[in-house]
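Right, one structure below, let's go through it.
FYI, it's all coordinate maths here, none of it is from the lab. From a predicted model like this one, the values you see are computed outputs, not experimental measurements. Here the Cβ is made from the backbone with ideal geometry for all residues, glycine too, and neighbour counts use every protein chain on show.
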Amino acid sequence: MFDHLLTGFDDHGQPIHEKSDEMLRLASLIRSTQRASINDLKYNFTEHMFRQGWMVIRSRRDSELFSIGQELSEAGKELHAAELEAGIMGARPLSDTEYDQLKSRREEQAILSEDDRYAYLRGSVERFYSAVVSPELIAFDSSRLRREAVIRFEALTSRDYLENQEHFIEQRINRMGLEAAVLRDFNLAAHVLRNLFSHTPM
């Protein structure tokens, strides 16, 4: 859609884009509006339905149904965790070649069989933590928040890694703008934090 914004490439082969195009400005405004809508989804949804001619009736909270819903939700989480643990523990171990093949298929949005899916999950856990899979490790990894914390810490504290990424990161920030580039990107967030800490008196 924005191929016409490409003006050339720098010495490192990174694309250079025109930043003052009106279409790019319009796309940015649409994206910002979309995110703002998601941030206040309930209000915006009811307003949208009202404007479409629907009568919006707000129901009162039923404490009993709410409690039942919470219990069902917790039971569902426990069942899912048990199913995930059983599937991963029973999955076959993968060689590096097999793991890379399944990873590529996932990245291509290919549908994996259940056996392949659990085998890939097992391989992913074992390779990330450099440990043989166990029920405790699966439970530890279940929310993936710890993986994100480890990735951020590693990127933030690895001087060699950050220096190797320095040029790429600066080019991406120049192309996308700081806020857009850093959003949900561990490498860029680590780069910004490292620079912030290095210039902040302790």
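Applying 1/(1 + (r/R0)^6) with R0 = 35 Å to the Cβ-Cβ distance of residue 29 and residue 80 gives a FRET efficiency near 0.35. Of the peptides 91-103, 26-38, the ranking by mean beta-carbon count within 10 Å, highest at the top, reads 91-103, 26-38. Peptide packing: for 70-81, 136-147, the average count of neighbouring Cβ atoms within 10 Å per residue gives the ranking 136-147, 70-81, highest mean first.
Panel order for 7, 46, by other beta carbons found within 10 Å of each beta carbon, from fewest to most: 7, 46.
I need the calculated FRET efficiency for the pair residue 106 and residue 40, taking r as the beta carbon distance and R₀ as 35 Å, to the nearest 0.05. FRET efficiency, residue 106 to residue 40: 0.55.
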